[in-house]
Amino acid sequence: AEVWVSSQYGLSVSVDLGIVERWKPREREDEFFQQLATPAVKAFLTGVVYGPWSAYPIDEYRKRVPSSYPLRNYPDMCHTIGCEFPIDGCDYVYAVVCREPVNPRPLTFLRIVEDQAQWADGGCGCYSEGVNDDVNKYVWSSLHWGADEEGPLAGASREQVLRYSLRQWACLLAGVPRSADALVEGVFGLEQTWRKSAADSHPVEVLRRFQEVESQMAPRHMRECWRVNMLLFRAYYDAFLHRRFLNEQLAFTEARALADRGLVEEAKLRVRQLVIPLDGAGGLQQ
């Protein structure tokens with residue numbers, strides 16, 4: 001048996017744990033590093049895990065952990081806000097969906113793996129709380145493993161490994177080999193939607209990618225394929241959020257113009273006409 005331990009000091013105050021006085025995370029983590037060096041701990045501990053809420057960047061963390069321990073990375077790939085890797089620059093329209101939505105982020109995690117893998121000589125785990133990050137788990141596992149020493153990916157760059165792996169995921173796990181390219185492009189499209197302002201994003205175009213995949217699947221396969229359904233659902237939701245955003249912007253512009261002319265009741269009516277009726281996908285199938 002092996003014992004791996006992480007220093008995920010996420011809570012500075014916890015009644016349940018009897019921590020009633022606030023503490024500084026780095027002070028607690030420094031105490032953790034000191035404990036790692038003691039003979040009593042070395043006698044049973046196999047390795048150390050770097051995970052969310054660690055107080056130091058992974059390179060500094062690796063230097064502070066005694067070299068006798070391997071370091072395993074345990075990245076948070078299931079959350080998008082208030083987390084280890086929030087979506088950079090995500091528009092409020094998409095950011096407030098929830099903290100743990102369907103969230104494939106292949107290009108983001110490609111960059112993070114390129115930065116962090118060199119420090120994780122003990123491999124990589126996956127901090128996950130469900131299936132919403134299914135694509136991310138596959139991305140992290142394949143990229144952290146790296147290219148083949150022999151075979152089709154021998155000497156390949158991580159970006160080449162990423163695209164090959166996503167196509168493999170689409171063919172083998174999603175089970176859509178005939179639509180693999182469309183599904184992969186849809187995955188990249190979702191991520192691009194969240195990295196742009198709502199005004200500059202084009203989620204309906206992304207939705208069409210997934211609708212293309214859906215159109216080539218047998219009805220029973222579509223019903224049973226939770227991976228495609230999950231991504232299709234997110235694509236519809238993003239398109240809905242974008243449609244609602246455009247309606248609200250139009251409502252604000254027109255209502256402001258009416259209010260400036262003293263037509264307050266007419267302004268309120270215009271807002272109700274444009275915003276309140278949009279309670280569904282609003283013709284996003286077409």
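The values are calculated or read from the model by the stated rules, or taken from the named source; none is laboratory data. Being a predicted model, the structure only gives us computed values, none of them experimental. Here the Cβ is made from the backbone with ideal geometry for all residues, glycine too, and neighbour counts use every protein chain on show. Accessible surface areas use protein heavy atoms only, side chains included; no ligands, DNA or RNA. Shrake-Rupley method; radii C 1.70, N 1.55, O 1.52, S 1.80 Å.
Quick notes on this structure:
- Of all residues in segment 129-164, those being under 17 Å from ILE112 (Cα atoms), crowded, with 17+ Cβ neighbours inside 10 Å and of a type in the set (S, T, N, Q) number 2.
- So ALA198, is it out of contact with any strand residue (DSSP E or B) (no Cβ under 7 Å at 6 or more places or on another chain), farther than 22 Å from GLY89 by Cα and buried (at least 17 other Cβ atoms within 10 Å of the Cβ): no
- Test: PHE245 is surrounded by 14 or more Cβ atoms within 10 Å (Cβ to Cβ) and touching a residue at least 60 places away in the same chain (Cβ under 8 Å): yes
- Here PHE252 does not fit the description of being without any contact (Cβ under 8 Å) to a residue 60 or more places away in the chain, open to solvent by less than 20 Å² (accessible area, probe 1.4 Å) and aromatic (Phe, Trp, Tyr).
- Out of GLU129, GLU150, GLU114, GLU100, sole residue that is part of a loop (DSSP other than H, G, I, E, B) and either within 26 Å of VAL48 (Cβ to Cβ) or small (Gly, Ala, Ser) (or both): GLU129
- Segment 260-275 residues that are farther than 12 Å from ASN247 by Cβ and in a helix (DSSP H, G or I), paired with ones that are open to solvent by less than 80 Å² (accessible area, probe 1.4 Å) and not basic (Lys, Arg) (beta carbon under 8 Å, 6 or more apart): VAL264/LEU258; GLU266/LEU258; ALA267/GLU254; ALA267/ALA255; ALA267/LEU258; ALA267/ALA259; LYS268/ALA255
- In segment 80-95 there is at least one residue that is open to solvent by 70 Å² or more (accessible area, probe 1.4 Å), assigned to a loop (DSSP other than H, G, I, E, B), more than 17 Å from SER6 (Cα to Cα) and touching a residue at least 60 places away in the same chain (Cβ under 8 Å).
- Boolean, VAL139 is part of a helix (DSSP H, G or I) and either touching a Gly at 6+ places or on another chain (Cβ under 6 Å) or over 24 Å from SER54 (Cβ atoms) (or both): no
- Screening CYS171 against (1) touching a Cys at 6+ places or on another chain (Cβ under 8 Å); (2) of a type outside the set (A, V, I, L, M); (3) part of a helix (DSSP H, G or I); (4) open to solvent by less than 50 Å² (accessible area, probe 1.4 Å) leaves a single unmet condition, (1).
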